[in-house]
């Protein structure tokens, strides 16, 4: 493969990855703690948009609220990770990537 062709492929890949990142910024996932005690709305770039805590949690104490927020955060991150994998796989489909 000649250098010009390689540079063209690199440029195409860069454009596709940039477009995928823009797409991810506009996509949302919801992380939900058990029973919906806490819901975290996050973009596909891990930006937290909102946190909702069920008012019933207020009587359960700080540690229960912290656990619910942490559980929702982990759920949101896992969903965002999957979303990122899917979007990036779509963007780089057919492109030769180094191992």
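Bear in mind these aren't lab numbers, they're just calculated from the coordinates by the rules spelled out. No experiment lies behind these values; they were computed from the predicted model shown. Virtual Cβ from ideal backbone geometry, glycine too; neighbours counted across all protein chains shown.
For (1) out of contact with any strand residue (DSSP E or B) (no Cβ under 6 Å at 6 or more places or on another chain); (2) closer than 27 Å to residue 85 by Cα, each residue gets a yes or a no:
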position	(1), (2)
27	yes, yes
32	no, yes
36	yes, yes
40	no, yes
52	no, yes
55	yes, no
62	yes, no
65	yes, no
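Counting only strands (runs of 3 or more DSSP E) wholly contained in the range 1-87, the ones carrying 3 or more residues that are in contact (Cβ under 8 Å) with a residue 12 or more places away in the chain and surrounded by fewer than 17 Cβ atoms within 10 Å (Cβ to Cβ) occupy 48-53.
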